[in-house]
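K.L.:
Have a look at the structure that comes next, please.
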Amino acid sequence: MINNLIRKKLVNLMPYACARDLYSEGMFLDANENSFGSTVKIPYRNELNRYPDPYCLDLKKAILKYLNLPFLKLENIFVGSGSDEIIRLLINLFSNTDDEIIINEPTYGMYRVAADICGVGVKVVGLDDNFQLDVKELKQKITSNTKLVFCCSPNNPTGSLLRVEDIVDLCNVFKGFLVLDEAYVEFSSSGSMVGLLEKCSNLLILRTFSKAWGLAGLRIGYMIGNEEVVAYLNKIKLPYNVNSLSQSLGVRALENVKIMNEVISRILDERRWLEVELRKLGLEVFPSETNFLMVKVEGSGSDDLAKRIVKYLAEDEGIIVRDFSSKLGLKNCFRITVGTPKQNKLLIQSLTSIL
Ligand SMILES: Cc1ncc(COP(=O)(O)O)c(C=O)c1O
C-alpha cells in the first residue's frame with residue numbers, strides 16, 4: 001500500500017477517461033478524430049488519425065520480452081515521453097509541498113529541476129571520492145518527509161557505476177522509493193540492477209531509448225517497478241503521453257537488439273581510443289561505463305582552464321563539449337560524448353593544438 005506515501009491530494013484523484021478506456025472495439029465515432037484518415041502516409045503506422053494507445057501495450061510487451069525476467073508483468077512497466085517525463089511525474093506523485101527528494105551530486109541535472117518546478121525541496125548528498133554513494137550520510141539525511149531518493153548508475157556526468165550492495169542496503173532501510181536511473185546501463189560492463197526488483201519492492205528503475213538505442217528524438221523512456229506506483233502514474237500522466245509513431249518505432253527497435261549491440265560495441269571501441277588519446281595529451285580521464293568521458297585538466301594552477309577549453313572548442317573549432325567545472329567534486333572537469341571516428345579525431349587534433 002503506497003497511499004500513505006503519495007501526495008495526499010492524489011489519493012482519490014478521478015483520472016481523465018480516454019475514449020478507448022470506455023470502449024476499445026467498434027466503429028469509433030466518439031473521440032472527434034478524423035474519420036477520413038490521416039493526411040500523411042508513413043510506414044509502420046497507418047492510423048495516425050487515431051489517438052495512440054494510452055498505455056503503450058505493444059511497446060510494454062516488447063520491453064518485457066527484452067528484459068526477459070519472469071517475475072515482471074505488464075503492470076510493472078510504465079512508458080513515458082522520455083525518462084524525463086517519468087522523473088517529473090514521480091516527483092509530482094509523491095511530494096506534498098513540505099516533502100523533499102534526495103539527490104547524490106554530481107548527478108543528472110533534471111532531478112533538481114523537476115523538483116524545483118514542482119515546488120519540492122531538494123537535499124544534496126555528495127558522492128565520495130570514488131563517486132560512490134555516501135550511504136551513512138544518506139541514512140542520516142532521510143526523514144519522514146523524504147519520499148524519493150534519486151540514484152544514477154552509471155552516473156551522468158561521472159560515468160561511474162554505483163555499488164549494488166549500497167542500493168540494496170538503502171532500499172532495506174528507506175520507507176520511501178529509491179529511483180535508480182539506468183539511462184546508460186546498456187553501455188556498462190556490469191549490467192542492469194533490474195533483477196533486484198524481485199526483492200526490493202521500493203526500487204523503481206528508469207531506462208531510456210535515448211542513449212544506446214539512438215532514439216532520443218522519439219522521446220521514449222520507461223520505468224520498471226512497483227505496480228501500485230505504475231497504476232498511480234497512469235492516473236496522473238497526460239492521457240496520450242507517448243505518440244503512435246514512437247510506440248511503433250520503439251517496438252521495431254526492440255525487434256533488433258543485435259543492431260543496438262553492434263552500435264554499442266562501436267561506441268565502446270571509440271571510447272577506448274579516445275581515452276588513450278586524451279591521456280596522451282596529459283588529461284586525466286575518469287573510468288567510464290557510458291558513451292561519454294569525464295575529463296580533468298590536471299595541474300593547471302588555474303581554476304578556469306576547463307571552462308576556457310570548452311569555450312575555445314566551441315567558438316574556434318565548432319566542437320561542443322560540456323563544462324562541469326563548477327559542479328560539486330568536478331573542479332577542472334569537462335565531459336565529452338563519444339563521437340564517430342572522424343569526430344573523435346577532429347576533437348583530438350583541436351585539443352592537441354591548444355594544450
Ligand atoms: C541520467 C539520465 N537520465 C535520464 C536522461 C533523460 O533521458 P530521456 O531522453 O529518456 O528523457 C538523461 C539524458 O541525458 C540522463 O543523462
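K.L.:
Scan segment 166-177 and give yes if some residue there is loosely packed, with under 15 Cβ neighbours inside 10 Å, in the same structural domain as Leu233 (by TED's automatic domain parsing) and within 11 Å of the ligand (Cβ to nearest atom), otherwise no.
P.N.:
The answer is no, given that none of the residues of segment 166-177 is loosely packed, with under 15 Cβ neighbours inside 10 Å, in the same structural domain as Leu233 (by TED's automatic domain parsing) and within 11 Å of the ligand (Cβ to nearest atom).
K.L.:
Let me ask another. Tell me whether segment 62-82 contains one or more residues that are part of a helix (DSSP H, G or I), touching an Asp or Glu at 6+ places or on another chain (Cβ under 7 Å) and in the same structural domain as Ile236 (by TED's automatic domain parsing).
P.N.:
Yes - at least one qualifying residue is present in segment 62-82.
K.L.:
Taking the conditions exactly as written (touching a residue at least 12 places away in the same chain (Cβ under 8 Å), crowded, with 17+ Cβ neighbours inside 10 Å, charged (D, E, K, R) and in a helix (DSSP H, G or I)), does Arg271 satisfy them or not?
P.N.:
yes
K.L.:
Further, regarding this structure: Count, please, the residues in segment 278-295 that happen to be assigned to a helix (DSSP H, G or I) and surrounded by fewer than 17 Cβ atoms within 10 Å (Cβ to Cβ).
P.N.:
2
K.L.:
Right, another one. Ile91: within 13 Å of the ligand (Cβ to nearest atom), within 26 Å of Arg163 (Cβ to Cβ), at pLDDT 95 or above and not small (Gly, Ala, Ser), yes or no?
P.N.:
Against the criterion (within 13 Å of the ligand (Cβ to nearest atom), within 26 Å of Arg163 (Cβ to Cβ), at pLDDT 95 or above and not small (Gly, Ala, Ser)), Ile91 does not qualify.
K.L.:
From the list Ile167, Ile103, exactly one residue is closer than 29 Å to Leu293 by Cα and part of a strand (DSSP E or B). Which is it?
P.N.:
Ile103
K.L.:
Restricted to segment 123-147, and to residues that are within 16 Å of the ligand (Cβ to nearest atom) and not aromatic (Phe, Trp, Tyr), which residue is nearest to Leu170 (Cα to Cα)?
P.N.:
Filtering segment 123-147 for residues that are within 16 Å of the ligand (Cβ to nearest atom) and not aromatic (Phe, Trp, Tyr), the one nearest to Leu170 (Cα to Cα) comes out as Leu133.
K.L.:
Look through segment 230-245, keep the residues that are crowded, with 23+ Cβ neighbours inside 10 Å and not charged (D, E, K, R), and return whichever of them is farthest from the ligand (Cβ to nearest atom).
P.N.:
Applying the filter and picking the extreme gives Tyr232.
K.L.:
Okay, next question. Specify which of the listed residues (Ala231, Ala212) is in the same structural domain as Asn92 (by TED's automatic domain parsing) and under 16 Å from Val79 (Cβ atoms).
P.N.:
Exactly one of Ala231, Ala212 is in the same structural domain as Asn92 (by TED's automatic domain parsing) and under 16 Å from Val79 (Cβ atoms), namely Ala231.
The values are calculated or read from the model by the stated rules, or taken from the named source; none is laboratory data. Note that the coordinates shown come from a computational prediction; the quantities given were computed from them, not determined experimentally. Don't worry about glycine lacking a Cβ; one is built from the backbone with ideal geometry, like all the others, and counts go over all protein chains shown.
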